[in-house]
Amino acid sequence: MTNTDQAQVDALIAGFFDAFDNRDGRVPDHGRLARMFADRAVVAMQQGAACVLYTPDEFIAPRIALLASGELVGFHEWEESASTQIIGSLALRASRYAKTGVRNGDAVAGRGAKFFQLARLACGWRIVALSWADDA
């Protein structure tokens, strides 16, 4: 692991969380998010007792639509704490995150865990797998 690798992973994850921000008229960018993922990446979400799998586009598209629709405003999420392990061109990032916004006039907030598996490819660090669960 190099300091450069750590800085690049940190920047990628910060950009990921920053991409889900529609405060002050910001408009989330589907392409920006899609470029953070490697080809054939997978996204897994805990939903009740089940695990639901998505392609990056299946994950990104409905979230961008919600953030752009006006139904969910003043939304953002951020990393509260994280640990990163980098071995060669692979990395694992465990993140605790929080989110807040207003949906249909009601304040919403939550916390959870996200786990990122990353790879350093010819084009730079990319997310190859993302899994997450919101706290109950």
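The values are calculated or read from the model by the stated rules, or taken from the named source; none is laboratory data. Computed from a predicted structure; not experimentally measured. Reconstructed Cβ throughout: ideal geometry from the backbone, glycine too, with neighbour counts over all protein chains shown.
Being of a type outside the set (D, E), under 18 Å from W125 (Cβ atoms) and modelled with pLDDT of 95 or more is a description that does not apply to A44.
Please count how many residues of the stretch 44-65 are of a type in the set (D, E) and crowded, with 16+ Cβ neighbours inside 10 Å.
From the stretch 44-65, those of a type in the set (D, E) are 57-58; that's our starting set.
Remaining after also requiring crowded, with 16+ Cβ neighbours inside 10 Å: none.
Number of matching residues: 0.
Screening the candidates A136, A68, A122 for the property of being surrounded by fewer than 16 Cβ atoms within 10 Å (Cβ to Cβ), farther than 20 Å from R32 by Cβ and small (G, A, S) yields one hit, A136. Scanning the stretch 105-136 for residues that are of a type in the set (D, E, K, R), assigned to a strand (DSSP E or B) and in contact with a strand residue (DSSP E or B) (Cβ under 7 Å, 6 or more places away or on another chain) yields R111, K114, R126, D134. Within the stretch 21-35, if we keep just the residues that are closer than 18 Å to Y97 by Cα and in contact with a Leu (Cβ under 9 Å, 6 or more places away or on another chain), the residue that is surrounded by the fewest Cβ atoms within 10 Å (Cβ to Cβ) turns out to be D21.
Here are some residues: V102, V43. Which one is in contact (Cβ under 8 Å) with a residue 40 or more places away in the chain and not in a helix (DSSP H, G or I)?
Numbers: V102 fails: in contact (Cβ under 8 Å) with a residue 40 or more places away in the chain.
The conditions single out V43.
Every condition in (1) in contact with a Gly (Cβ under 8 Å, 6 or more places away or on another chain); (2) more than 29 Å from Q6 (Cβ to Cβ) is met by S69 except one, and the failing one is (1).
Whenever a residue of the stretch 52-81 is on the phi > 0 side of the Ramachandran plot, its partners that are surrounded by fewer than 17 Cβ atoms within 10 Å (Cβ to Cβ) and modelled with pLDDT of 95 or more, lying with C-beta atoms within less than 6 angstrom and at least six residues away or across chains, give the pairs G74/R23; G74/V102.
Condition check: surrounded by 11 or more Cβ atoms within 10 Å (Cβ to Cβ), more than 17 Å from A119 (Cα to Cα) and among the aliphatic types (A, V, I, L, M). Does V102 satisfy that?
Working: surrounded by 11 or more Cβ atoms within 10 Å (Cβ to Cβ): yes; more than 17 Å from A119 (Cα to Cα): yes; among the aliphatic types (A, V, I, L, M): yes.
For V102, the condition - surrounded by 11 or more Cβ atoms within 10 Å (Cβ to Cβ), more than 17 Å from A119 (Cα to Cα) and among the aliphatic types (A, V, I, L, M) - is met.
Pairs are defined by a Cβ separation below 7 Å, a sequence spacing of at least 6 or placement on different chains, a first member in the stretch 1-22 that is closer than 14 Å to G88 by Cβ, and a second member that is surrounded by 15 or more Cβ atoms within 10 Å (Cβ to Cβ) and of a type in the set (G, A, S); the pairs so defined are V9/A91.
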